[in-house]
Amino acid sequence: MFNASVTVGPALESWQLRGPVFVIGSILIFALLIRSAGLLVAGPLTMIVGAYASDEFRLKETLIFSVLMTAFCILLFKVMLKLPIPVIAFM
């Protein structure tokens, strides 16, 4: 016969929706803006919204990081790989 012993550990923490909501939101923002506004707008905005998923969000650090990463993405995808990604494309 099967005898399972049950151990009682610490209680599970409650789930927070902040992280998943902002990460999914940032993905949707990127998908909606990449063709209509270009990488120059969609990149930083995506990273800023995604950074709100953390409890340790700091605006100044996030702005610096998003600008540097967007410049790196433009250099990598547009210049080096020559992919047809719009850098800036307004309607």
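The values are calculated or read from the model by the stated rules, or taken from the named source; none is laboratory data. Owing to the predicted nature of the structure, the values given are computational and were not obtained by experimental measurement. All Cβ positions, glycine included, derive from the backbone under ideal geometry; neighbour counts span all protein chains shown.
Here are a few things to note about the model shown:
- Test: residue in the stretch 17-34 that is surrounded by 11 or more Cβ atoms within 10 Å (Cβ to Cβ), of a type outside the set (Lys, Arg), touching a residue at least 24 places away in the same chain (Cβ under 8 Å) and assigned to a loop (DSSP other than H, G, I, E, B): yes
- Whichever residue in the stretch 8-38 is farther than 19 Å from residue 84 by Cα and of a type in the set (D, E, K, R) and, among such residues, is modelled with the highest pLDDT: 18
- Only one entry in 14, 54 is in a loop (DSSP other than H, G, I, E, B) and in contact (Cβ under 8 Å) with a residue 24 or more places away in the chain, namely 54.
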